[in-house]
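First the structure, in the form of structure tokens, and then the observations on it.
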Amino acid sequence: MTEVGRSSPGRRSPGQLFLLFSMGSDRYALDVHEVVEVLPLRRFKQIPAAPAWVAGLFVFRGTPVPVIDLSAQALGQPAVVRTSTRLVVVHYRPQANQPVRWLGLILEQASNTLRSPAEAFVDSGLSLAQARYLGPVLKSEQGLVQWVRVADLLDESVRELLYAAVAEGGR
């Protein structure tokens, strides 16, 4: 992976590290502290009756993990399978009083990072009830980059479906 926006080789610029990815022609970022591992794509076990953007389940470190296709969820179009399309396992905790779980995300062009102070991201001015996971934006050399908040990716009904499926798959 390469880091975008570095001042010079061997010198770290100040700020937080983000994993960059694309949905359509736009760029998005995940805080790398939420990322467990970046993996190549693989086949998934399907979850009957799940929304179309739920890719299925796979076993990670001995544990069944649900996977969502973020492009399909956000744009209604599945991620384009290319060499830079990755399966990114993240720490998922929707609320402070709930346990941390693993969640797999299919992300396009997830092969670069960006270092930026978190404060450099500013409120987008939008409030979308169906896309609460879309956070503040950063003006970068590549255009606007929007921060995706992992904790807000799933609504309660999908969260219950996926993690009930994981519990059943783990038996």
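Quick note: the coordinates plus some simple rules give every number you see, no bench work behind them. Note that this is a predicted model, so its numbers are computed, not measured. With ideal geometry, Cβ positions are generated from the backbone for all residues, glycine too; neighbour counts draw on all protein chains shown.
Things to note:
- Just so you know, the Cα atoms of the chain work out to an Rg and Dmax of 16.0, 50 Å.
- Available extension along the chain between Ser127 and Leu75 is 17.1 nm, counting 0.36 nm per residue and deducting the alpha carbon span.
- Stretchable slack from Arg42 to Val100, in nm (0.36 nm times residue separation minus alpha-carbon distance): 18.5 nm
- For the chain, the residue among Gln146, Leu126, Val59 whose Cα projects farthest onto the positive side of the dipole built from Cβ charges is Val59.
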